[in-house]
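Engineer: One structure, pasted below without further comment.
The values are calculated or read from the model by the stated rules, or taken from the named source; none is laboratory data. None of these values were measured; they are calculated from a predicted model. Glycine gets a Cβ as well: all are built from the backbone with ideal geometry, and neighbour counts include every protein chain shown.
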Amino acid sequence: MIIVPYYLSKHQQQIQQEVMAPPSKLAVATSSVRRLVKEEASYHKEIVQQESRIKKLEDNLENNEDGNAEYQLKQEVYRLVTVPCPNMSHIKV
């Protein structure tokens, strides 16, 4: 008797009870596409976060007390430009 975890769906339980066959080419391709979509979404989220940090640094540039804001701004812009996002055509440097 095979013990099946309770958190699996019925279909997943049936698959696990049978002899596990290697994943089909379609299953591999589908999981790859899902991973790439998640990865691109995280890139876009990171770009939005960096753009907001840059805007905040630009706003605080006038009342700079420690003299380090300009350097931090340059570093954030550099990070924004070097983000490994496949579609960065909307970014202006």
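Engineer: Go through the residues of the stretch 17-24 one by one and say whether even a single one is part of a helix (DSSP H, G or I), modelled with pLDDT of 80 or more and among the small types (Gly, Ala, Ser).
Structural biologist: No, the stretch 17-24 contains no residue that is part of a helix (DSSP H, G or I), modelled with pLDDT of 80 or more and among the small types (Gly, Ala, Ser).
Engineer: In addition: List, please: which pairs have Cβ atoms under 7 Å, are six or more places apart or on different chains, and start with a residue in the stretch 35-50 that is free of Cβ contacts under 8 Å to residues at least 40 places away in the same chain and under 20 Å from Gln75 (Cβ atoms) and end with one that is surrounded by 11 or more Cβ atoms within 10 Å (Cβ to Cβ) and of a type in the set (A, V, I, L, M)?
Structural biologist: Close Cβ pairs satisfying both conditions: Glu46/Val83; Gln50/Leu80.
Engineer: Please give the number of the condition Ile91 fails out of (1) modelled with pLDDT under 70; (2) more than 18 Å from the chain's Cα centre (by Cα).
Structural biologist: Evaluating Ile91 over (1) modelled with pLDDT under 70; (2) more than 18 Å from the chain's Cα centre (by Cα) leaves (2) as the failure.
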